[in-house]
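Take a look at the structure below.
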């Protein structure tokens, strides 16, 4: 068993967070950043870092970690490496909830709340539709989720068509993923801690579940409770991420794969590593999103794909080449 | 002595079809059972029910005298192991990692595999002739190697009762004989072995007991010597078989 450490990823995450704090419309040098972190910076820099940039950077980290963790769990639940956090329609429900809220004139926390309610509604709907089957059979879950997601897609198109023009831009950013509205990252960060706390101790059981229900059951895993647990935890984490920053694509699909390519598929390492790498990737993408074309803001979802696609293809090719 | 594994008036159905009716049978320690029957007769269904992974339509499965549904999955896995008919590996893993999966029920929640566990896994791989491939990725294995890895995982789990669904599947002739000898030796050491087999010749050579499932609810159990003969086997498969005298017991060929 190779002894692999989380330290490099931890340092990477720290570096992206420091970068995210330092870089922006006003750049803060390393010395000034250090002073401010120790509490001896000038008041303007303190305000800029802690009141303006920190919530957004922390929110980006939380959303990325939630998505990567949810993606890793969803891939085990469905026994399919192509699953992502959105495949069962959670993001569609959240988006429909948020857009509905926007149309009704909601703002701020009310939109976050309506997105969260939409996501949970979708989770319960899919669960209600598959409940009577085999222990949450992967195929039925996947089919039901995909169809429910398509239903949400139709509802979203309808809401977009019905919306007044002035709301459209805000709505689109919401659908593509946008972290500029994050004012309170704490619920997201707490949800990351919660997600890790309730799944990391089960990492060895997840390793077995990935090999199929029968094999896992034969080796001593109580399959049905574990599948239920995974389903609701992954959905809750996704709902939290989508409420923070909209439907940011790609992080949940690609980060677990990146980790598997580099560190192997053992969930004892995969779960915390995915959370760290997902957070780091999204902080990096969000920093770019708000600086590349400043003062214009780009949708962060487009940037996660722009960074993730080449990185993933490079690693995939290199790993394939290294095999005997 | 109480049998480690017993079926008590066990009835299994698939849809409207009855696969086995009122099966009452004790599987004693030290016995090696062959389960034979035509395709779809319910052999795999019976194994999953005996492993407590499928609720029977009626009747009970007893593990050391205790109803299996009252035991936790982990408690069952410490005493009884199952080699499923198929394996799936959608995610990457090394051969050694998969063999080590057999240690799952033996370790506490947060436990890491100890050097002793790794030694057990390597020993299991050696038994099935895969020790050279320990560090290889599972994705690179052939069907037969994959099958032997499944058996290694089961050996690493080290239960008293071993249920194997077509352990000889995908194996070449030499490996079939090696694997079945290993199972017979385990039975001689006091384990209880139940293997679904498709070759009555191998069953007669390595298993001292046989359970025939006819696919319509009827079953027949007994000593291999008496049960594994041309007449009941021909009826079982719905095709005439001829019994020849081989060097290691009877050999059966389709007429």
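The values are calculated or read from the model by the stated rules, or taken from the named source; none is laboratory data. What you see is a predicted model; the values in this text were computed from it and never measured. Every residue, glycine among them, receives a Cβ derived from its backbone with ideal geometry; neighbour counts consider all protein chains shown.
Data table
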quantity: Where residue B:159 falls short, out of the listed (1) without any contact (Cβ under 8 Å) to a residue 60 or more places away in the chain; (2) in a loop (DSSP other than H, G, I, E, B); calculated: (1)
quantity: Unique match (being out of contact with any helix residue (DSSP H, G or I) (no Cβ under 9 Å at 6 or more places or on another chain) and away from chain B (no Cβ under 14 Å)) among A:12, A:7; calculated: A:7
quantity: Segment A:204-243 - residue that is closer than 23 Å to residue A:264 by Cβ and within 19 Å of the chain's Cα centre (by Cα) and, of those, farthest from the other protein chains (Cβ to nearest Cβ); calculated: A:237
quantity: Residue satisfying condition, being farther than 18 Å from residue A:301 by Cα and either crowded, with 22+ Cβ neighbours inside 10 Å or touching a helix residue (DSSP H, G or I) at 6+ places or on another chain (Cβ under 9 Å) (or both), within set A:253, A:284, A:271, A:237; calculated: A:271
quantity: Residue under evaluation residue B:136, criteria (1) at pLDDT 95 or above; (2) within 13 Å of chain A (Cβ to nearest Cβ), criterion not met; calculated: (1)
quantity: Which listed residue, of B:175, B:184, B:122, B:147, is closer than 18 Å to residue A:215 by Cβ and assigned to a helix (DSSP H, G or I); calculated: B:147
quantity: Residue that is surrounded by fewer than 24 Cβ atoms within 10 Å (Cβ to Cβ), out of contact with any helix residue (DSSP H, G or I) (no Cβ under 9 Å at 6 or more places or on another chain) and more than 14 Å from chain B (Cβ to nearest Cβ), where the choices are A:153, A:101, A:113, A:128; calculated: A:128
quantity: The lone exception for residue A:263 - which of (1) more than 14 Å from every other protein chain (Cβ to nearest Cβ); (2) surrounded by fewer than 24 Cβ atoms within 10 Å (Cβ to Cβ) it fails; calculated: (1)
quantity: Complete set of residues in segment A:51-68 that are farther than 22 Å from residue A:305 by Cβ and in contact (Cβ under 8 Å) with a residue 12 or more places away in the chain; calculated: A:53, A:54, A:55, A:58
quantity: Only one of A:79, A:93, A:128, A:100 that is at pLDDT 85 or above and under 18 Å from the mean Cα position of the chain (by Cα); calculated: A:93
quantity: All positions within segment B:77-99 that are more than 7 Å from every other protein chain (Cβ to nearest Cβ), buried (at least 21 other Cβ atoms within 10 Å of the Cβ) and more than 21 Å from residue A:261 (Cβ to Cβ); calculated: B:80, B:83, B:99
quantity: Residue within segment B:39-48 that is in contact (Cβ under 8 Å) with a residue 40 or more places away in the chain and facing chain A (nearest Cβ under 7 Å) present; calculated: no
quantity: Residue list for segment B:42-72, restricted to those being crowded, with 22+ Cβ neighbours inside 10 Å and over 18 Å from the mean Cα position of the chain (by Cα); calculated: B:56
quantity: Some residue of segment A:203-210 being out of contact with any helix residue (DSSP H, G or I) (no Cβ under 9 Å at 6 or more places or on another chain) and either under 25 Å from residue A:230 (Cα atoms) or modelled with pLDDT of 90 or more (or both); calculated: no
quantity: Per-region count, segment B:57-74, residues within 17 Å of residue A:218 (Cβ to Cβ) and either in contact with a strand residue (DSSP E or B) (Cβ under 6 Å, 6 or more places away or on another chain) or more than 8 Å from every other protein chain (Cβ to nearest Cβ) (or both); calculated: 5
quantity: Answer from B:83, B:107 - the residue that is touching a helix residue (DSSP H, G or I) at 6+ places or on another chain (Cβ under 8 Å) and at pLDDT 95 or above; calculated: B:83
quantity: Residue match in segment B:19-28 (condition: over 18 Å from residue B:209 (Cβ atoms) and surrounded by fewer than 20 Cβ atoms within 10 Å (Cβ to Cβ)); calculated: yes
quantity: Residue A:136 in contact (Cβ under 8 Å) with a residue 24 or more places away in the chain and closer than 30 Å to residue B:50 by Cβ; calculated: yes
quantity: Residue in segment A:175-189 that is nearest to the other protein chains (Cβ to nearest Cβ), counting only those that are closer than 20 Å to residue A:52 by Cα and in a helix (DSSP H, G or I); calculated: A:189
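Conditions tested, residue by residue: (1) closer than 21 Å to residue B:172 by Cβ; (2) facing chain A (nearest Cβ under 8 Å); (3) in contact with a strand residue (DSSP E or B) (Cβ under 6 Å, 6 or more places away or on another chain).
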{"site": "B:104", "(1), (2), (3)": "no, yes, no"}
{"site": "B:110", "(1), (2), (3)": "no, yes, no"}
{"site": "B:115", "(1), (2), (3)": "no, no, no"}
{"site": "B:129", "(1), (2), (3)": "yes, no, no"}
{"site": "B:132", "(1), (2), (3)": "yes, no, no"}
{"site": "B:142", "(1), (2), (3)": "yes, no, no"}
{"site": "B:160", "(1), (2), (3)": "no, no, no"}
